[in-house]
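One structure is given here, and the rest of the page talks about it.
The values are calculated or read from the model by the stated rules, or taken from the named source; none is laboratory data. Predicted model only: the values in this text are computed from it and were never measured. Quick reminder, even Gly has a Cβ in these numbers, built from the backbone with ideal geometry, and neighbours come from all protein chains shown. Accessible surface is based on the protein model in full, side chains and every heavy atom, while ligands, DNA and RNA are left aside. Shrake-Rupley method; radii C 1.70, N 1.55, O 1.52, S 1.80 Å.
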Amino acid sequence: MSFLIAQSLVNGVILGTLYLMMAIGFTLVFGVMRIVNFAHGEFYMMGAFAALIGVTWLGLPYALTLALTVAFAILLGALVERVVFRPFRSDELSGMIASLGLAMILQNGALLLFGPDPQAFPSMVSGVFRIGEMIIPKSRSLALGVGVVILVGFYVFLMHTRFGRGLRALVQDQEVAALYGVRPEIVYPLGLGLGIALAAAAGGLMAPLFGVSPFIGATPLLKAFIVVILGGLGSIPGAALAAMLLGLIESFTSSFVSASAADIVTFALVVGVLLVRPSGILGRGES
Amino acid sequence: MSTVSTMPATGRVSVGGAVFAIALVVLALVPWFTGSTFHFHIAIMVCLAAMASAGLATIAWVGQLSLAHGAFVGIGAYASVLLVTRLGVPFLIALPASAIVAGAVAYLIGKPLLRLCGVYFVLITFALNELFRLVMLEFPSVSGGSSGIAGIPKISLFGIVLEHQPEVYVFTLVMLAFVMALLWTIRNGPLGRRFAAVEENLVLAEASGIPTARTQNAAFVIGSAIAGFTGAIMAHYIGFISPESFAFQLSVSYVIILVTGGRLSLAGPLIGAIFLVPLPEFLRSAQQYQHIIYGVVLILVLRFLPGGLAALPRKLLGSERSGG
Amino acid sequence: MKHRAILGAAALLTLLAGTALAQEKTLKIGALVTQSGAGASWGNGMKRAAELAAADANEDGGLDVDGTKYKVEVIAYDDGYKANEAVTAANRLVFEDKVKYIIGTVGSAPILAIQPITEKAGVITMTLGFTSQALSPDKSYTFRPNPTTGEVAQPQIDWLVKNKDIKTVGALFPNDETGEAIAKDIGAAYKNAGAEMTATEFFERNRVDFIPLLTRIVAQGVDAIELDGNSPVTAGQIVQQARDIGFDGVIIRTGGPATQEIVNVAGEDATEGMYVHSAYDPNVETAAAYERRYVDTYGDAMNGFSPFFYDGTKMLLKAIQESGTVDDTKAVKTALENIHDYKGVLGTLNWTGKDTYGIAHQLDSPFYIAKVEGGKEVIVARCTTAGCE
Amino acid sequence: MSGFLKLNGLGKRFGGLAALTDVTFEATEGKVTGLIGPNGAGKTTCFNLLTGTFAPTAGKVLFQGKDITGLPPHKVVEAGLARTFQSATTFPKASVRENIMRGALLRHPLGPVASILGGATAKRAVSRAEETVVEVMDALELTPYADREAGTLAYGHQKRLGVAIGLATRPRILLLDEPAAGLNPDEVDRFGQMLTMLKERFDLSMLIVEHHMRLIMRICDHIVVLDHGEMIAEGSPAEIQKDPRVIEAYLGGDAHAG
């Protein structure tokens, strides 16, 4: 039994890290641009394809591929902000509907380019670490390690750079940010770029574990939604707490009860939080 | 329009309105001109999509959007099918009952949630649609599980079974007219005035003494009840339902119809359904691009025609007035 | 508006052109399959099978039916794996295109949704849908040209349980209609064979992380893990993740030919020693030739169900020829039922299923148990519905 | 005196931060009360607690002896406290007449059936409310613009329309949030005169949050001063102008002696 508990704990933390990467990007984009980005999952998908192309088609090293994926995602984000989202800055609802359109374009574009069949991604590492009875596959340790590095890097960037402070100011209050000289022409595109770069990085990291196809964006998007509903939209600490909670709940319920119970428990939790604290565990609310 | 003097004057477009009404009647008659069973089927699907989207429009009139609309269509469908097949209730009773069930569920959900405004509500309805699907999958004894329920009895009125598409079409058309008439009445009555106030300026509406949360919940309940009503007709026409039939994509398709048609006008859902439901039949040769085209159309309409196709004539005539 | 008008005009021209061609007698076959979304790989496999079969007939100047040559044309519509869209497409095929034969649908929900239309109109359908409800005596125009778990599971499982000394089995299935149907069949088959499916897990189709579920299954000490019902990639992930957490028992895939994809995903090491269902013996030259032709024509990997639908369409065309009519589907149906020992690319084919479904519209084809060695299938037993050896 | 509008130990904390602490004062019936203080003093928070936008974390709000603490804004309006907004806030797509009508209908409530389906009852309610609309439009000199779309009005007119909507709800007290913001000195003067006129004509009390000292000193009968979320002084305009604590608060902070 203690073996199962320890194993579930490790699994839950790994899942939580993935969810956190998805949710932080999502909540950042909302905080900065006030847009609920339904295309967020598609950027995860594109990150996975970018990694696949880099590693299997171009034969690049995995680390370089990931770095290129992130750089490419930031540029793409800036472009998408300009072309799609800029006209809807003052209109949350239209921006959100536009993101639905964007999601359809991206997913079906990928379908057109790569076909519906899932693509195989070669394993980056194989084998397992054994700690007592506990078993941690090396592939997961790698994803976890790189994921934590990216998240820590992002945190440092957000807390200790001028630009990061500008972003945080914008998340807090648009008017205050304007007072502090935050320029929307620069911060908006880069904010979106960073948000989707986190999604793309998650896609690139998870591709070796979970495979690549045009349809893989749906699950991470749903998880990001659940995390931000639980944690409070626009709250980064809330997202961190909720992502870990979700990862652990899924892992423990799957291991001790069943997989479908895990989904039901998750949604029951969502409903429960909404009834008691509709703005999320650490959300500020909007009413 | 209404005799209430303070409502926005729309007398100017009454000629346009008449032309529009005639065009609608002609369009509604198309299947009889062609006599094609397939065209009757498409016409039925147009009516059903228009009806469900009109429900979504009601929610849009208070400045909200529900991404659980497909689930409410599903709730109505399951309610009606279970009433008819398990309890032997006549369809004509099951139909309004399914609207009431959907409306009641919306009320219970909307009451706590509509204290939150804006996109937060949308986010949550997205999750609710998924929850509906999962819950239905969990209770196969009720929902038929993932295999769904097949062989649903056809629509029957006073013992007359609507076997063929033309008969179903007439029935659906009448039901659509009924729903549109109801919405017209609401829009031009006191509640419609509150809806408009809430949509235009929620904070000011609240400060003017309008209970905005309750008003939004009223719109959510009415819109979702219409969705349930549509779902009942759809289930008995198609003859098959499963949890997957009411997944998130269905909700999105209603959003596309509504936005393309015009989300704040009464005619918007009608126009959206008339344009978009038959569109795939014209795009068969470009099938793989179909969804990309939808995505592009959605973004372009939002950007250049925020009032949707319903606002196009006015835009072309150079008038800046909105509403209607 | 202008573009719409142009679009409309173009559509009209296409229609006119269509009528002009129809002068030289066309036999239209509908392909109502999934072409968008996750089911598209199956849908493409079926549609292309019908196209290749049509190409065969057209090569000799058309299908010869009672002295008249018919050019065989495949009209394909997408159902997006959705019941509603399938009904729209079926309405169009039956009432607009006046099609009498439909290859499709892929999914179980769509076939159940279109049967009220097709059965009433006497349109012959050939579906992949795994649901047992698809075939029944009151649905006499529906055929299934591919074996389902119900057909292949028992003989394979009997053989494996006996030869590999399996007592307890763990299994993971997606919680959709296919997964549930297969879970029921497989569970019963293991029970009949004297083993027990002690741990069964259902999961959301999109799930990618199986370690929590596998942890639970492995902790119960099962002898084998069953993969049937899962998509190739999911199956590959399960194999990889099961080996990752140290499972060293037998891994079995009782249905769904997809060994190559599983090996791609999981790697040669993880799949070594897996037992899989195989639809054809690579030594049967006709089957290998069909796969080469498919890959040469379309440039994609062949979906495992495609050869069944190639044979199925060929059988349908043969039945049309034998009945001597393209319009009287009742006669064609009877002729199709009466085809025995058809020599298809997969071997000798027959209709079965009277006992299970009440109607013999289920294909019975030879199949094999293979062991994966070095990433390749090696046939270890040949099977019929009667048993394996 | 039973008290008209009474704030009793009102406080609000956001997370761990105190935005307002122990504020107690009274706005007297028939008088104009001013609420002033430097930026960040808690004026807006106090205003939001009064109007029901936020619920206070401590203390009570009593209006005509009735506890209205934590009521939602629409209930507060119903109790007789109407508010205006700092920026020009209207229903932009509706006519001026319709804007005011939406406020006026508060005093003509309908049952659920009549509100959904309209009908004769609803029409009667509208025609009765029409009287209020005409009177309010006249008082705020908006009659010439009755059929204009509110969003197309000049800024000054939109601000007046904001007051008109509030007035149409027939309040006992009007709460004004920085009514002079965004107006030029001429407009400020006229706005001041208009407020005095409205007070007489509609028999109103007022509570004004304002930066604009000249306006405050001219029209207020009583002034309450907040600084750092706490009340530091209270009294007549003359007393306040001399109060050393007030002078220090303003000089130490961001002076607005416009």
Legend entry - Qualifying lysines (Cα of each under 28 Å from Cα of D:LYS12; at least 8 residues distant if same chain): B:LYS111, D:LYS31, D:LYS43, D:LYS60, D:LYS66, D:LYS75
Inset, instruction - Enter the accessible area of D:LYS159 (Å², nearest 10), with the probe set to 1.4 Å and all protein chains included. - result: 10
Legend entry - Relative contact order [Cα under 8 Å, 6+ residues apart], region B:89-192, whole percent: 20
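For an R0 of 45 angstrom, estimate the FRET efficiency from the Cβ-Cβ distance between D:ASP203 and A:ARG89 and round to the nearest 0.05.
0.50
Treating only the Cβ atoms of Lys and Arg (+1) and Asp and Glu (-1) as charged, compute the dipole magnitude of region D:93-170 about its Cα centre; round to the nearest 20 debye. Display every interim value, and only then the final one.
Working: 11 positive and 8 negative charges, 52 e Å.
Charge dipole, region D:93-170, about its Cα centre: 240 debye, nearest 20.
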Legend entry - Given charges at Cβ of Lys, Arg, Asp, Glu: the protein assembly as shown dipole, positive-most of B:PHE195, C:ILE102, C:ASN44: B:PHE195
Legend entry - Shielding of C:237-243 by partner chains, average beta-carbon count, 10 Å: 3
Inset, instruction - Sketch the reach of a paramagnetic label on C:THR68 as a point 7 Å from Cα along Cα-to-Cβ, and name the residues of region C:326-346 whose backbone nitrogen lies under 20 Å away. - result: C:326-336
Inset, instruction - Please give the residues of region C:135-176, grouped as numeric ranges, whose backbone N is less than 16 Å from a label point set 7 Å along the Cα-to-Cβ vector of C:THR334. - result: C:140-141
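Given a Förster distance of 30 Å, report the FRET efficiency between C:LYS164 and C:GLU322 from their Cβ-Cβ distance, rounded to the nearest 0.05.
Numbers: r = 45 Å, r/R0 = 1.49.
My answer for the efficiency is 0.10.
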Legend entry - Listed residue (B:HIS236, D:ALA249, B:PHE178) projecting farthest to the positive dipole end of the protein assembly as shown, Cβ model: D:ALA249
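Using a 1.4 angstrom probe on the protein heavy atoms only, line up D:MET206, D:MET194 by accessible area, largest first.
Numbers: D:MET206 0, D:MET194 25 Å².
Accessible-area ranking of D:MET206, D:MET194, largest first: D:MET194, D:MET206.
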Legend entry - In Å², nearest 10: area of C:TYR298 left accessible to a 1.4 Å probe: 60
Inset, instruction - Go through C:ASP228, C:ASP138 and list them by solvent-accessible area, largest first, probe radius 1.4 Å. - result: C:ASP138, C:ASP228
Inset, instruction - Over region A:2-216, calculate the relative contact order: mean separation of alpha carbon pairs under 8 Å at least 6 apart, over the residue count, as a percent. - result: 44
Inset, instruction - Output the relative contact order of chain C, whole-number percent, from Cα pairs under 8 angstrom with separation of 6+ residues. - result: 16
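So what's the net charge close to A:PHE88: Lys and Arg +1, Asp and Glu -1, counting the other residues with Cβ under 10 Å from its Cβ? Numbers along the way, then the final one.
Details: positive: A:ARG34, A:ARG86, A:ARG89, B:ARG303; negative: A:ASP91, A:GLU92.
With Lys, Arg at +1 and Asp, Glu at -1, the neighbours total +2.
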Inset, instruction - Within region A:113-141, find all residues whose amide N lies under 12 Å from a label point positioned 7 Å from the Cα of A:VAL148 along Cα-to-beta-carbon. - result: A:141
Inset, instruction - Evaluate the distance, in nm, between pseudo-label points positioned 7 Å from the Cα of D:ARG107 and of C:GLU285 along their respective Cα→Cβ axes. - result: 10.0
Legend entry - Label-point separation, D:THR121 to D:ALA238 (7 Å along Cα→Cβ), nm: 5.6
Inset, instruction - Mind giving me the nanometre distance, one decimal, between the label points for C:GLU268 and D:ALA181, set 7 Å out from Cα along Cα→Cβ? - result: 7.3
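Rounded to the nearest 500 deg cm²/dmol, what is the calculated helix-only ellipticity per residue at 222 nm for chain A, with -39500 (n - 2.57) per DSSP H run of length n ≥ 4?
On the way: 11 runs with 207 residues, N = 287.
Taking each H run of at least 4 residues, the total per residue is -24500 deg cm²/dmol.
Inside 10 Å of the C-beta atoms of D:49-59, what's the mean count of C-beta atoms belonging to other chains? List each step's numbers first, then the result.
Details: counts 0, 0, 2, 2, 4, 2, 0, 0, 0, 0, 0.
So the per-residue partner count for this stretch is 1.
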Legend entry - Interchain or long-range residues, amide H under 5 Å from D:LEU175's placed H: D:ALA82, D:ARG83, D:THR84, D:LEU207
Legend entry - Set of lysines near B:LYS315 by C-alpha distance (under 21 Å), chain-local residues within fewer than 8 positions excluded: C:LYS2, D:LYS93
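Which value at 222 nm does chain C reach when only helices count, each DSSP H run of 4 or more adding -39,500 (n - 2.57), with the total divided by all residues and rounded to the nearest 500 deg cm²/dmol?
Values: 14 runs with 174 residues, N = 389.
Dividing the helical sum by the residues of chain C leaves -14000 deg cm²/dmol.
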Inset, instruction - Report the FRET efficiency, 1/(1 + (r/R0)^6), for A:ALA67 and D:THR196, where r is their Cβ-Cβ distance and R0 is 51 Å, rounded to 0.05. - result: 0.15
Legend entry - Accessible area (Å², 1.4 Å probe, nearest 10) - B:LYS315: 110
Legend entry - Largest-first ordering by accessible area, 1.4 Å probe, given options D:MET197, A:MET22: D:MET197, A:MET22
Legend entry - Candidate aspartates and glutamates - alpha carbon under 17 Å from C:LYS164, same-chain residues fewer than 8 apart omitted: C:GLU196, C:ASP223, C:GLU226, C:ASP248, C:GLU272, C:GLU373, C:GLU389
Inset, instruction - Please average, across the residues of A:107-119, the number of beta carbons from any other chain that are within 10 Å of each residue's own beta carbon, and give a whole number. - result: 6
Inset, instruction - Can you tell me the dipole magnitude for region B:119-243 around its Cα centre, using point charges on the Cβ only (Lys, Arg +1; Asp, Glu -1), in Debye to the nearest 20? - result: 220
Legend entry - Total charge dipole magnitude, the protein assembly as shown, about the Cα centre, Cβ charges on Lys, Arg, Asp, Glu only, Debye to nearest 20: 2960
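Please identify the DSSP H helices in chain A that span no less than 18 Å along the helix axis (Cα) and have a mean Kyte-Doolittle hydropathy of -0.5 or more.
Values: long enough: A:2-33 (45 Å, 1.81); A:40-52 (19 Å, 0.75); A:62-80 (26 Å, 2.34); A:92-114 (33 Å, 1.49); A:138-160 (32 Å, 1.49); A:184-210 (38 Å, 1.48); A:218-231 (20 Å, 2.04); A:236-256 (30 Å, 1.42); A:259-276 (26 Å, 2.31).
Qualifying helices: A:2-33, A:40-52, A:62-80, A:92-114, A:138-160, A:184-210, A:218-231, A:236-256, A:259-276.
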